[in-house]
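Colleague: This is the structure I want to talk about, given as structure tokens.
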Amino acid sequence: MCYRLAPVGLNPDGDHGNPRMSSLKSPAEELVAAIALISWPLIVLALFATQPQRTALVWSLLLGYLFLPSRFGINLPGLPPLEKRSVAALAILAGLLLFLPNRTPRLAALNDQPLLENHNRLFAWVFFGLAAGLFLNMGLTIATNQTSYTIGEKFLAAMRPWDFVSMASAITFTMIPFFLGRRYLARPEDHRYLLKCLVISGLIYSVLVVFEIRMSPQLHRWIYGYFQSDWVQHFRNGFRPIVFLNHGLAVGFFLFSTVFAALALARSTQVGTHWKWGLAATWLLLVLLISRNLGATAIALLLLALLFLGRRFALFMVTVITLTFLLYPAVRQTNLIPLSEIASTAGKISADRMQSFQFRLDNEDLLLARAAEKPVSGWGSWGRPRVYNDKGRDISVTDGLWIIVLGERGWLGYICFFGLLTLPLLALPRVRKRKEIPIETVAMAVIMAGNLIYLIPNSTLSPIAWLMAGALAGFVQFDVKAAEDAKAPVAKPSRPPGYSRFPAGASVART
């Protein structure tokens, strides 16, 4: 059975807990979206059969995220629905397993890569500890939410042991791109290739974005038969494009990522060809400016200088942003952030913006108070972290991913989930002591830092972001160049050495 997704539980790529759209209108409209999802694994396998492994991996993930139908899934009993993120990730795994023997010589050195230094070993322990903590947290969440209760007319179901399978499957599907990036995109040349693919896909997508800015967001409805979000949110003195993603906010951050990718390529390319990437960056920035995504545009302008002020300073600022994000819920609860001043600044830009910002703050206060009732392991899913009035009516709106994770999984889940995402960013400055960090890698770190800022008011965390985070984790943990050099065959002498009466290694005094 196919159905349009209603956001329940952790789904870090779109709106959460507020199914605002109506169901699909007819089985025929369901059929188009279902065919697209079912046929995508065949396309992915064809890519792995005909293209190099890295090419097939990156483009399978990018194209699946950008063009498959949003807010639609295939229902599986006891498991999260198969939607475009999970279908693309599982198809890539199948392609790697089927074509692994013929496609991995280039990265064979990584299989037996030792952890060369103590901080690498520490990184590995922390990395796998956070991953294990995610699953431990799921068990604690279920164990501490065994009671169902009713608020007015609203019934909140208890968590049951079999919910662990669904929760574990959802988080596994979400993080598959992370582990793929760590394993297969750890080298600087892989980072460069990923940025190139990002810019090329951004240039293609920008045509569709400009079309929807002019003609209204209709492409998803024309092809898949339904509009995947709330129409009101995509008309603000003009049209905000959404194309085939969950929300226009996701389009804004995708464009942000392509701008920084193009700028990094322009800086790293030889003088004769760097202008092409600079021209691409200019065009993508222009499209971002007219796409009515104030948040993504503001973050882009705020972080733009980091690519030109030196890599050490850029990594320092990435670390500051990462730590600020991780501590944001605690600081938010202590009321140390001058929110009234920020709201006043937003009001100078637009009264609507100030009203929207204040609405988000009020909801955060409600949800933080709710999360504080179960601070360690959270409330779980089934709408339990949300706030209801005496009649059972839901009076909360979850926007930022941080409050969603904190409410559902508590502080333990928050630390493990975002710890995995941010650990490579925090470890990058130490890597500078061991090897050079190219501008492409720095650009990926800046894009991830921008994504963290974006996650405070929004919940846009795409598979592309997880892939980048994994690629950075592989770069931090593995010294792939050293491993490849160690496995390089020793050159044999062109002719056997002649006889010498001196023992090997002895020095001969010159006269």
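Colleague: Within segment 306-319, can one find any residue that is within 21 Å of Ser206 (Cβ to Cβ), of a type in the set (A, V, I, L, M) and either touching an Asp or Glu at 6+ places or on another chain (Cβ under 9 Å) or assigned to a helix (DSSP H, G or I) (or both)?
Modeller: In the first step, residues of segment 306-319 are kept if they are within 21 Å of Ser206 (Cβ to Cβ); the result is 307.
Then keep just the ones that are of a type in the set (A, V, I, L, M); that gives 307.
Next cut, either touching an Asp or Glu at 6+ places or on another chain (Cβ under 9 Å) or assigned to a helix (DSSP H, G or I) (or both) only: 307.
Yes, segment 306-319 contains at least one residue that is within 21 Å of Ser206 (Cβ to Cβ), of a type in the set (A, V, I, L, M) and either touching an Asp or Glu at 6+ places or on another chain (Cβ under 9 Å) or assigned to a helix (DSSP H, G or I) (or both).
Colleague: Which ones in segment 284-305 are small (Gly, Ala, Ser) and in a helix (DSSP H, G or I)? Before the answer, list the steps.
Modeller: Just the residues of segment 284-305 that are small (Gly, Ala, Ser), to begin with: 291, 295-296, 298, 300, 305.
Those that are small (Gly, Ala, Ser) and in a helix (DSSP H, G or I): Gly295, Ala296, Ala298, Ala300, Ala305.
Colleague: Here's a follow-up. When Ala488 is evaluated against the numbered criteria (1) hydrophobic (A, V, I, L, M, F, W, C); (2) modelled with pLDDT under 90; (3) within 16 Å of Leu303 (Cβ to Cβ), which criterion, by number, is the only one it fails?
Modeller: (3)
Colleague: Still on this model: Does Leu423 satisfy the condition of being assigned to a helix (DSSP H, G or I), open to solvent by less than 10 Å² (accessible area, probe 1.4 Å), farther than 23 Å from Ala143 by Cβ and not polar (S, T, N, Q)? Outline the logic, then answer.
Modeller: Values: assigned to a helix (DSSP H, G or I): yes; open to solvent by less than 10 Å² (accessible area, probe 1.4 Å): no; farther than 23 Å from Ala143 by Cβ: yes; not polar (S, T, N, Q): yes.
So Leu423 fails the test.
Colleague: Moving to a separate point now. For a quick check of your reading of the model, give me the residue pairs whose first member lies in segment 133-153 and is open to solvent by 10 Å² or more (accessible area, probe 1.4 Å), whose second is assigned to a loop (DSSP other than H, G, I, E, B) and β-branched (Val, Ile, Thr), with beta-carbon atoms closer than 9 Å and at least 6 apart or on different chains.
Modeller: Listed by first residue and then by second, the contacts come to Leu140/Val376; Thr144/Val376.
Colleague: Considering segment 393-447 alone, what residues qualify as being modelled with pLDDT of 90 or more and small (Gly, Ala, Ser)?
Modeller: Gly407, Gly410, Gly413, Gly419, Ala427, Ala443, Ala445
Colleague: From the list Glu408, Glu440, exactly one residue is closer than 19 Å to Ala473 by Cβ, open to solvent by less than 50 Å² (accessible area, probe 1.4 Å) and of a type in the set (Asp, Glu). Which is it?
Modeller: Working: Glu408 fails: closer than 19 Å to Ala473 by Cβ.
The match here is Glu440.
Colleague: From the set of residues in segment 154-203 that are of a type in the set (Phe, Trp, Tyr) and part of a helix (DSSP H, G or I), which is least open to solvent (accessible area, probe 1.4 Å)?
Modeller: Only one residue tops the list, namely Phe178.
Colleague: From the list Leu249, Leu255, Leu265, exactly one residue is under 23 Å from the mean Cα position of the chain (by Cα) and open to solvent by 30 Å² or more (accessible area, probe 1.4 Å). Which is it?
Modeller: Values: Leu255 fails: open to solvent by 30 Å² or more (accessible area, probe 1.4 Å); Leu265 fails: open to solvent by 30 Å² or more (accessible area, probe 1.4 Å).
Testing whether each residue is under 23 Å from the mean Cα position of the chain (by Cα) and open to solvent by 30 Å² or more (accessible area, probe 1.4 Å) leaves just Leu249.
Colleague: To continue, here is another question. Residues in segment 52-85 that are over 21 Å from Met468 (Cβ atoms), part of a loop (DSSP other than H, G, I, E, B) and open to solvent by 50 Å² or more (accessible area, probe 1.4 Å): how many?
Modeller: So the answer is 2.
Colleague: Among the residues of segment 214-227, are any at pLDDT 90 or above, assigned to a helix (DSSP H, G or I) and touching a Gly at 6+ places or on another chain (Cβ under 9 Å)?
Modeller: Taking every residue of segment 214-227 in turn, none turns out to be at pLDDT 90 or above, assigned to a helix (DSSP H, G or I) and touching a Gly at 6+ places or on another chain (Cβ under 9 Å).
Colleague: Further question: Taking only pairs six or more apart or across chains, which ones have beta-carbon atoms under 6 Å, a first residue in segment 375-390 that is under 20 Å from Phe135 (Cβ atoms), and a second residue that is among the β-branched types (Val, Ile, Thr) and surrounded by 18 or more Cβ atoms within 10 Å (Cβ to Cβ)?
Modeller: Ser377/Thr141; Gly378/Thr141; Gly380/Thr141
Colleague: Another question, if that's okay. Could you list all residues from segment 382-401 that are out of contact with any Leu (no Cβ under 9 Å at 6 or more places or on another chain) and more than 18 Å from Leu455 (Cα to Cα)?
Modeller: Asn389, Asp390, Lys391, Gly392, Arg393, Asp394 - these are the residues of segment 382-401 that are out of contact with any Leu (no Cβ under 9 Å at 6 or more places or on another chain) and more than 18 Å from Leu455 (Cα to Cα).
Colleague: Of the conditions (1) crowded, with 18+ Cβ neighbours inside 10 Å; (2) modelled with pLDDT of 80 or more; (3) in contact with a helix residue (DSSP H, G or I) (Cβ under 7 Å, 6 or more places away or on another chain), Leu93 fails just one. Which one is it?
Modeller: (1) is the only condition that Leu93 fails.
Colleague: Just to be sure, is Phe260 closer than 20 Å to Leu198 by Cβ and open to solvent by less than 40 Å² (accessible area, probe 1.4 Å)?
Modeller: Numbers: closer than 20 Å to Leu198 by Cβ: yes; open to solvent by less than 40 Å² (accessible area, probe 1.4 Å): yes.
Yes: the conditions hold for Phe260.
The values are calculated or read from the model by the stated rules, or taken from the named source; none is laboratory data. Since this is a predicted model, take the numbers as computed values, not measurements. So basically every Cβ, Gly included, is an ideal-geometry build from the backbone, and we count neighbours across all protein chains shown. In case anyone asks, the SASA skips ligands and DNA or RNA and just uses the protein heavy atoms, side chains included. Shrake-Rupley method; radii C 1.70, N 1.55, O 1.52, S 1.80 Å.
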